[in-house]
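The values are calculated or read from the model by the stated rules, or taken from the named source; none is laboratory data. On a predicted model such as this, the values are computed, not experimentally measured, just so you know. Please note: Cβ atoms are built from the backbone with ideal geometry, for glycine as well, and neighbour counts cover all protein chains shown.
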Amino acid sequence: MGSSSPRRRPPTTLHSLRPTETLDLPHELSLAPRLKLLLTLFRTDPAVRPIDEWKLKQALLSFLRFSLSLPLPDHSDDLVLTRRPDLHKRRLSDPVADGSLHIRDFSSLRFEDTDDPDLLRRRFSEWCSSVEERLQGIEVNVEGVKFRLCIAVPKADDFEWMKKSWEDHYASKLLDSRRISWRGVARRPDTIIVSGVPSRWFAEPRVSSKASMLVTHTIFQALGRIRNLNVAGDDNLGKKVDEITGEVVSGLQCKIWVQFESHEDFCDAMKVLCGRSLQKEGSNLKVDYDLTWDRDGYFQKLQQRPVKSHLQEKVDRLHVVPAHISKEAPRQHTQLKRSDHNGPRPKRFRE
């Protein structure tokens, strides 16, 4: 690979896409490869000095670039560290900071001797594992304060782990179905769920900032033949709180369900989406979406749900009686009946 940026070439199929290549999508979007590592830092000495996040980041960047020769630019935004709250209350075994590291430059990797996609993915996976092993447990010294680094790879970035998860799920489901019937039990998944992506990237330009079904269908059609599609706003503003920082996460995002025509299309789409970030031309934002597969039969339940027309919903709302009225009405009716039998007739008012 000759350049520092991931190469782009139109693959004949998604299966032939190299793990270090960028896939261009419609509407100026692209899926760029990256290695994401989750970081957890512990103190290895009883020091009680406060943590300087900037100095810790610079020390870690310097170590990664010069000691491990990882391709990270100076003052890289691809390394994020966040101090844990209430450090004065922590135990000695508790972590003091969390973060993430993104590696996006794979120009040093040489995979030119083969075009076998399975072999390329295996080599790339081995390289990622070697990076994880080299970083696991390293110690960083920041002005006399020592920190130990623990590394983890997000499960959603590991296609083989995802594949094993659905194989185990459907195997247990088939075993349970033997007591009842084999009919109606799905054998393999076909639906992906992508959440945490900006709604405006899937919206119709100059029309709305909300995600459009038509635009979303056009984008995901590049990943395979689509049977069903649904888009919902992920606008739980005030309810979604970051676990580390405690800050409210912006709700201008959407959640997308895509059901493919075949399990093969589903697998190819999962392979491409695992370990990549979504980017848009002209924007510096790199989105690490949440990726999973549907194990609850989302579209099957959607089809079984009774559908009411807009007119029927209006009629139902008109027939709704407030609770206090519905409770008082029988009592008043009973009192009127008693007065008819036990007392004089009520006087009529003149009209």
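Somewhere in the range 257-264, is a residue aliphatic (A, V, I, L, M), modelled with pLDDT under 95 and more than 25 Å from PHE124 (Cα to Cα)?
No, that holds for no residue.
Considering only residues that are out of contact with any Gly (no Cβ under 9 Å at 6 or more places or on another chain) and over 20 Å from VAL142 (Cα atoms), look in the range 91-109 and name the one that is surrounded by the most Cβ atoms within 10 Å (Cβ to Cβ).
Filtering the range 91-109 for residues that are out of contact with any Gly (no Cβ under 9 Å at 6 or more places or on another chain) and over 20 Å from VAL142 (Cα atoms), the one surrounded by the most Cβ atoms within 10 Å (Cβ to Cβ) comes out as PHE106.
Could you list, in sequence order, all residues of the range 280-301 that are free of Cβ contacts under 8 Å to residues at least 12 places away in the same chain and within 22 Å of SER172 (Cβ to Cβ)?
Hits for the range 280-301 are ASP296, GLN300, LYS301.
Taking the conditions exactly as written (assigned by TED's automatic domain parsing to the domain that holds ASP98, part of a helix (DSSP H, G or I), of a type in the set (A, V, I, L, M) and touching a residue at least 12 places away in the same chain (Cβ under 8 Å)), does VAL140 satisfy them or not?
Against the criterion (assigned by TED's automatic domain parsing to the domain that holds ASP98, part of a helix (DSSP H, G or I), of a type in the set (A, V, I, L, M) and touching a residue at least 12 places away in the same chain (Cβ under 8 Å)), VAL140 does not qualify.
Sort out which residues of the range 82-99 are hydroxyl-bearing (Ser, Thr, Tyr) and either within 29 Å of the chain's Cα centre (by Cα) or in a strand (DSSP E or B) (or both), and write them in order of number.
THR82
Inspect all residues belonging to the range 103-121 and state whether any of them is within 22 Å of the chain's Cα centre (by Cα), without any contact (Cβ under 8 Å) to a residue 24 or more places away in the chain and part of a helix (DSSP H, G or I).
Checking the range 103-121: not a single residue is within 22 Å of the chain's Cα centre (by Cα), without any contact (Cβ under 8 Å) to a residue 24 or more places away in the chain and part of a helix (DSSP H, G or I).
If I ask for residues that are of a type in the set (Gly, Ala, Ser) and either more than 22 Å from THR13 (Cα to Cα) or modelled with pLDDT under 90 (or both), which ones from the range 108-138 would you list?
Across the range 108-138, the qualifying residues are SER108, SER129, SER130, GLY137.
Please determine, by comparing only the residues of the range 124-156 that are under 26 Å from the mean Cα position of the chain (by Cα) and among the charged types (D, E, K, R), which one is farthest from LEU291 (Cα to Cα).
Taking the candidates together, the pick is GLU133.
Please pick out the residue among LEU29, LEU70 that is touching a Phe, Trp or Tyr at 6+ places or on another chain (Cβ under 7 Å), hydrophobic (A, V, I, L, M, F, W, C) and surrounded by 16 or more Cβ atoms within 10 Å (Cβ to Cβ).
Result: LEU29 is the single residue among LEU29, LEU70 that is touching a Phe, Trp or Tyr at 6+ places or on another chain (Cβ under 7 Å), hydrophobic (A, V, I, L, M, F, W, C) and surrounded by 16 or more Cβ atoms within 10 Å (Cβ to Cβ).
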